[in-house]
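> Have a look at this one.
A short reminder: the numbers here are calculations on the coordinates, not readings from a lab. Owing to the predicted nature of the structure, the values given are computational and were not obtained by experimental measurement. Counting neighbours? That spans all protein chains shown, and the Cβs are built from the backbone with ideal geometry, glycine included.
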Amino acid sequence: MSQTVDEAPGAERAALRAGGRRKPSSRRRKEAFYFWLFISPWLIGFVGFLLGPMIASVYISFTEWDSFTPPQWVGLDNYAKALTEDPVFWKALGNTFYYALISVPLGLVIGVWLANLLNKRVRGRKLFRTFIYLPTLVPLVATAMVFKMVLAPSGPLNDLLGWFGVDGPAWLLDPTWVKPALIVLSAWGAGGATVLLLSAMNGIPRELYEAAEIDGAGSWRQFWSVTFPQITPVIFFNLIMGLIGSFQIFSQVYILTAGGPDNASQMIVPLLFREAFSFYHFGYASAVAWLLFLVILALTLVAFRWSRSWVFYEQEVR
Amino acid sequence: MTAAAAKPRTGPGRTRLLSAFKASPATYAVLLVVSAIFFVPFVLMVSISLSSDLTSSQNAFTVIPSEFEWRNFTEVFTATGLPVGRFVLNSVLIATLSAVGQVLSSSLVGYAFARLRAPGKGVMFIIVLATMMIPAQITMIPQFLLFKELGWVNTYLPLIIPNFFTNAFNVFLVRQFVSRISGELDEAAQMDGLGYFGVYRRIILPMMWPILTAIAIFTLTHAWGDFMGPLIYLNSEESMPLALGLQYMTGTSNEMQLPPWNLVMVGSIILTLPMIAIYYLGQKYLYEMNLQGGSAGVK
Amino acid sequence: MENTIRRRTLVQAAATAGVAAPLLAACGSGDDGNGPLKMVVWGGDLDKETYQARIDLFEAENPDITIELQLIPSDQYEQKVQTMIAGGDGPDIMQVAEGVNTYSSKSQILPLDDYAKDAGLDLEQRFGPVGSLYTFEDKVYAIPDRSGAMIVYYNKDLFDAAGVAYPTAEWTQEDAQAAMEKLTVAGTQWGYGGAGWWPQWWSFAYQNGGQIIDDGGQPTINSPEVVTALQWANDLAHEYHYVPTAAEYADMGPDMGGDPAFAAGTVAMNTTGFWAIGGLLEAGINWDIAPLWRGAQQAVSAFGSGLAISRDAKDPKKAFKAIEFLTGADAQEVIIDKAQDVPANLEVQQSDAFLAPSWATKPINMAAFGESADFIFRAPFIPQWNELQAALNDNLGTFWNEGGDAQTELDKIQTQLESIITD
């Protein structure tokens, strides 16, 4: 290494790591400088809007604070209260799990199924694709308003069920059915997943299908042996984003049920919102937010672990 | 240039259709039924929006439109006692500026992560990915207090400005997209003396349009329909976007009357149509984001 | 070529963004001192119109002060206003009611005694006993603005058709129930709109001699008197079917309830505030009003609201000047003229303008309000009002929707209240 005496040690190491090709160190440093310059929007946002607030949030969660009077340090009391005293917290957490663990897989199954159909040579493919994606384009507020009608005890959904001799429930008014009602609403938007899935299906090399065809595989076999493995990364991606998103469900609950009846549709984020902005329990609300984070983190880790057994990576991402 | 991401969809020989792509009558049947089910709420929305005040006040709606009160579409701007025109304008402003912010910042950051080498880059990228998992609610309260200190409450700034600092998901999308563009072009350009910003602006940016359009669509859709942000930050009627204004419309009718559902649904349609238009114009890019197997994994 | 054009649009867009940002900031609330006073109220179009007309009167007399009125949907009012205050962007003048001490206990609204003294305003004289309604720890936090008892609206045609005598203050709960029975036609017509809202079933509880929070500030919501009242209110719907159930209401349309159902002629009696009068004048039914029936004793809840000044007010003196005017005789008369509500100002309440209002297309028993005033009970305006309401909503949802046992639910609520109130 003595031949590079005039180079800064850091740049030297960087150069070595980058494959050993030696270039002038100033160029390396310039590149690094531009890297940090270019990512600065993200970096500033990360520090200012995420890291800083996160640290503040940890602190607030250890206090009792109404934002008007000075915060009072209470240690872990807020966490203890959520976990041991507040029955609504557990109910909301259970409801959120119920909602997320049904709506996300259901949405994915419907999404994959529809994407597979849309990936065929269908006449009017563009039109079908649009129809199926359309619900995703309706802003949640509008969706919620329409579903207030759709889910009325004598609304169109129950009319439809009536054709099959099913006596539909009172959906939003019934504690047993209010969560399924929210899941119905989310299933209506299942077409959203088809975008990424279709674009992934688009990119599957045709030769793979040709090979399968030669082996005598029918469409079902071709789906399971070619299409599915190839799109598992996107399915996994949708699964993770879907889980994270569904654990944060808010607008639908806020507009359609306000958490009722009897908190049967109370979810973590509306609960947190109520604690913060109706009761001024900023400390408690922050603690609930961190508990939510821990739940999401744990689930994500579980999902990653589980993904090793079924997600197929053709080439590893750097 | 825009076609850079297109893949050949049919084989060279135009041989017989592979089974995986054969559409059977059952395929059509399923697609028709699903489309119909997915479409019913729209029809209901349109039907209600075209019903008369009387039908609306009695809640005597039909799924198939039976009345055609087109004047509801002008009345919504005049007869609700709310500045609905202003709501629309606010939505446009917030959504457009948010999208501009995301496109500018994510393209720059994503490019840097895909192309530039620097010590610490790997760690940074792991941080980017990790932040995707953090629920916004954790930062909601401190952010609220931060914006309060900045005097931004009841302005659009809390809704718009964070977009100029991009988000992890979009950085990830751009980075994946740029990684797939061959590096020969920018190397050649660098030989010609183009700096890093020059490469970004002249070489990479022009090729990024598919992914940037997709990001613009995502951001527009999200900002246009966002409810919680405006609910927290916007206080005066004049500043509200349509998504929040619509909800106001259902809440401020007189005690003895139902909300003007017909006008609310007109509002919903106004809220929905631009999204459909944007999707229609941008769908080509959406389906060509090219996140095929292998490269889209969250690793 | 194509790329250059696109790049230019992008640059333009960026430039626009840069220019627009300061503009956006400017359209916020950055005014200090001389801007208009911001006033927030809840309700519907009529409320907005009435407040605006009163503000117009004030502005005509005080050309140097302008007031910007904003209406917030009733069900979001508390949350929205609290968020505004938490964000340092509280209104100058705000309407408050039962939740008043949520604000006063945290010093989010200003004590008004000194302002009243300076202005020479005698609350007792102007409003009677109601003058001290919004008092917390011996300080007045809001000036009464609207104040009227809950009353019974009844559909005369339906009563006549069923051969039932019109309701009076002398009716007992049993009389009321007997009337409801006769007024009910299974599946199409109901005797009563329901008592699921706290002012309604709490009235029955106080009629039975119960209390939600006792005089010592301790919750007593599971006392036998309250349990009986709540059970009765619920049985009317689920046991006797004199009141539409939640499912039956939902089938009449979204957001349906006693008020619109009464206007539509589907329920024969409905208990609510004065404000329904305005809407009913246009409805095609033949109706009148009466004081609420009684239990072991007479009791009825009052609907009222006051005007308060938030701690963010830029110029509280100016704001108080406005409040003083708005609760004065001239401005309060508008409340009657517009058929909005009962004005809190006693002088106006006893005037002919109120007892025989100009808009009444037919005689209305306006004396029902004065009659009720004698037996209004004072609801517990505790600082934890929002939590109290949440505890009720959280536990009584299914109970109201499907029926159930009042004792079980109230026991749960009692436990919850005990932990909320000792906090």
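> Taking chain B as a Gaussian network, where each spring joins two C-alpha atoms under 10 Å apart, which residue of B:Ser98, B:Ser268, B:Ser35 fluctuates the most?
Its mean-square fluctuation being the largest, the pick is B:Ser35.
> For labels at A:Leu76 and A:Arg29 in the simple 7 Å Cα→Cβ model, what's the distance in nm?
It works out to 4.9 nm between the two label points.
> Need the C-alpha centroid separation for the range C:196-236 versus the range B:93-148, integer Å.
So the separation of the two Cα centres works out to 53 Å.
> Would you mind giving the mean number of other chain beta-carbons within 10 Å of the Cβ of each residue in C:83-96, as a whole number?
Mean partner shielding for this stretch: 5.
> Would you please give the residues with an amide H less than 5 Å from that of B:Glu69, counting only those at least 5 places away or on a separate chain, with H modeled from the backbone geometry?
Amide H neighbours of B:Glu69, under 5 Å, 5+ apart: B:Ser51.
> Quick check: the angle from helix C:316-326's long axis to the longest principal axis of chain C, C-alpha only, nearest 10 degrees?
40
> For chain C, what is the charge dipole size about the Cα centre, in debye to the nearest 20, if Lys and Arg each add +1 at the Cβ and Asp and Glu each add -1 at the Cβ?
With only Lys, Arg, Asp and Glu charged at Cβ, the dipole is about 1120 debye.
> Tilt of helix B:84-115 relative to the longest C-alpha principal axis of chain B, in degrees (0 to 90, nearest 10)?
For B:84-115 against chain B, the angle is about 10 degrees.
> Whose amide H sits under 5 Å from the amide H of C:Trp287, counting only residues 5 or more places off or on another chain, with H placed in the peptide plane?
Hits under the 5 Å cutoff: C:Lys156.
> Taking every DSSP beta bridge that has both residues in the protein assembly as shown, what percent is antiparallel when rounded to the nearest 5?
Restricted to the protein assembly as shown, the bridges split so that about 70 percent are antiparallel.
> Largest first and in whole Å, what are the equivalent-ellipsoid semi-axes of the range A:21-96 based on the Cα gyration tensor, each being the root of 5 times an eigenvalue?
45, 17, 11
> Bin by bin, in steps of 5 Å, what percent of the Cα pairs in the range A:51-185 do you find, going until the bin that has the longest distance?
Going from the shortest bin to the longest, the percentages are 2, 8, 10, 12, 14, 13, 11, 10, 7, 6, 4, 2, 1, 0.
> Can you find, among B:Phe147, B:Val128, B:Ala243, the residue sitting farthest towards the positive end of the charge dipole of the range B:82-286, where Lys and Arg contribute +1 and Asp and Glu -1 at Cβ?
B:Val128
> Place a +1 charge on the Cβ of each Lys and Arg in chain A and a -1 charge on the Cβ of each Asp and Glu, then give the dipole magnitude about the Cα centre in debye, rounded to the nearest 20.
It works out to roughly 1440 debye.
> A further question on this structure: Which of B:Pro230, B:Pro241, B:Pro25 moves the most in a Gaussian network model of chain B with Cα springs under 10 Å?
Per the Cα network of chain B with a 10 Å cutoff, B:Pro25 tops the list.
> Using every alpha carbon pair in the protein assembly as shown, what percent of pairs falls into each 20 Å bin from 0 up to the bin containing the largest distance?
Over the protein assembly as shown, the share of Cα pairs per 20 Å bin runs 12, 40, 33, 13, 2, 0 percent.
> Determine, from the Cβ-Cβ distance of C:Ala178 and C:Asn286 and an R0 of 25 Å, the FRET efficiency 1/(1 + (r/R0)^6), rounded to the nearest 0.05.
Calculated value: 0.70.
> Here's a follow-up. How much net charge surrounds C:Asp145 when only other residues with a Cβ under 12 Å from its Cβ are counted (Lys, Arg +1; Asp, Glu -1)?
Its environment carries a net charge of 0.
> Measuring from label point to label point, each 7 Å out along Cα→Cβ, what is the C:Asp114 to C:Thr168 span in nm?
Spacing of the two 7 Å Cα→Cβ label points: 5.3 nm.
> In nm, to one decimal, how far is the A:Lys126 label point from the A:Val166 one, both placed 7 Å along Cα→Cβ?
Placing both labels 7 Å along Cα→Cβ, they lie 3.6 nm apart.
> Additional query: Over the whole of B:191-204, what's the average partner chain Cβ count within 10 Å per residue? Rounded to a whole number, please.
2
> Is it possible to state the helix-based mean residue ellipticity at 222 nm for chain A, with each DSSP H run of 4+ residues giving -39500 (n - 2.57), the sum divided by total residues, to the nearest 500 deg cm²/dmol? What is it?
Using -39500 (n - 2.57) per qualifying helix, the result is -19000 deg cm²/dmol.
> Using only DSSP helix segments of four residues or longer, with each worth -39500 (n - 2.57), what per-residue ellipticity at 222 nm results for chain C after dividing by its residue count and rounding to 500?
Result for chain C, helices only: -14000 deg cm²/dmol.
> Of the candidates A:Met201, A:Met149, A:Met267, which one comes out as most mobile in a Gaussian network treatment of chain A with C-alpha springs shorter than 10 Å?
Maximum among the listed residues: A:Met149.
> Going by Cα centres, the range A:34-98 and the range C:152-173 are how many Å apart?
The range A:34-98 and the range C:152-173 have Cα centres spaced 56 Å from each other.
> Return the tail of the calculated pair distribution for chain C, meaning the percent of Cα-Cα pairs more than 29 Å apart.
Roughly 50 percent, once rounded to a whole number.
> What are the extents of the Cα atoms of the range C:219-270 along their three principal axes, listed from largest to smallest and rounded to whole Å?
So the three principal-axis extents are 37, 22, 19 Å.
> Separate question: Could you give the dipole magnitude of the protein assembly as shown about its Cα centre, charging the beta-carbon of Lys and Arg +1 and that of Asp and Glu -1, in debye to the nearest 20?
With only Lys, Arg, Asp and Glu charged at Cβ, the dipole is about 8160 debye.
> What are the chymotrypsin sites (Phe, Trp or Tyr not before Pro) within the range A:259-318 that DSSP puts in a loop, where the Cβ has at most 13 other Cβ atoms within 10 Å?
A:Trp310
> From the residues C:Trp385, C:Val227, A:Gly162, which one has its Cα farthest along the dipole of the protein assembly as shown in the positive direction, the dipole being from +1 and -1 charges on Cβ of Lys/Arg and Asp/Glu about the Cα centre?
A:Gly162
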